[in-house]
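The values are calculated or read from the model by the stated rules, or taken from the named source; none is laboratory data. All figures in this text were calculated on a predicted structure; none of them were measured in a lab. Neighbour counts run over all protein chains shown; Cβ positions are idealised from the backbone, glycine included. Protein only, heavy atoms only, side chains kept; ligands, DNA and RNA dropped before computing areas. Shrake-Rupley method; radii C 1.70, N 1.55, O 1.52, S 1.80 Å.
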Amino acid sequence: MLILPVTRLAQVADAGAIAEMSRSYIEQGLGWSWREGRVLRAIRDPATNVAVMTESEAIVGFGIMQYWEETAHLALFAVRPSYRNRGLGSRLVNWLEQPARVAGIERVRVEARADNAKAIAFYGRLGFVPMRTVSGYYGGVVDAVQLQKQLVTRP
Ligand SMILES: CC(C)(COP(=O)(O)OP(=O)(O)OC[C@H]1O[C@@H](n2cnc3c(N)ncnc32)[C@H](O)[C@@H]1OP(=O)(O)O)[C@@H](O)C(=O)NCCC(=O)NCCS
């Protein structure tokens, strides 16, 4: 029987593991800005959802989405290497998008490292469109591609 990882909101105890995943899979070569304290602030922020996917209590993927008036922002997102290419990342993006849709938020934005072709293709498949390049977005050293997905088009 195939057991799918479970998605839930992160708890305070998850902050350290999420920060470690950010350092290993997202911020490599950039310094480490999403340390445990910053992740904890996101978990406690009422306008942010920090979601984790777990299997046997271990975190295999996570995402951090901020919900503003008209725009939601996917701030941080990763799946552990051995769990990739199974559709888990796509499911987690959809899970985080759901509250934005219910709230009538118009669009979701995300940045990916300009050298991260895999992530840019991943977001493109999910309906995100590249909008612009942000020079030095990551620590002043790596450019970002900002992508946007329109959820609602107002008349
Ligand atoms: C980008 C990332 C989050 C994608 O996570 P993922 O769980 O592999 O995502 P999915 O499995 O939904 O999709 C990945 C690919 O697997 C394919 N796939 C999905 N379900 C599949 C399945 N059941 N069998 C085979 N392939 C499948 C998808 O078509 C997709 O192909 P694509 O990359 O050509 O678009 C992951 O690679 C990652 O963590 N990368 C490092 C961190 C990062 O780049 N984060 C994002 C920028 S901040």
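Of note:
- Taking the range 28-56 as the range and being open to solvent by less than 20 Å² (accessible area, probe 1.4 Å) and under 15 Å from residue 75 (Cα atoms) as the test, the residues that pass are 39, 42, 48, 50, 51, 52.
- The set of residues in the range 77-109 that are part of a helix (DSSP H, G or I) and either more than 13 Å from the ligand (Cβ to nearest atom) or within 12 Å of residue 64 (Cα to Cα) (or both) comprises 92, 93, 95, 96, 97, 98, 99, 100, 101, 102, 103.
- Just so you know, in the range 114-129 the residues that are within 20 Å of residue 27 (Cβ to Cβ) and more than 7 Å from the ligand (Cβ to nearest atom) include one that is most open to solvent (accessible area, probe 1.4 Å), and it is 115.
- Restricting the range 1-57 to residues that are of a type outside the set (A, V, I, L, M, F, W, C) and touching a Leu at 6+ places or on another chain (Cβ under 7 Å), the residue that is modelled with the lowest pLDDT: 5
- Given (1) closer than 20 Å to residue 152 by Cα; (2) open to solvent by 10 Å² or more (accessible area, probe 1.4 Å); (3) near the ligand (Cβ under 10 Å from one of its atoms), number of the condition residue 74 does not satisfy: (2)
- The single condition among (1) within 13 Å of the ligand (Cβ to nearest atom); (2) part of a helix (DSSP H, G or I) that residue 137 does not satisfy is (2).
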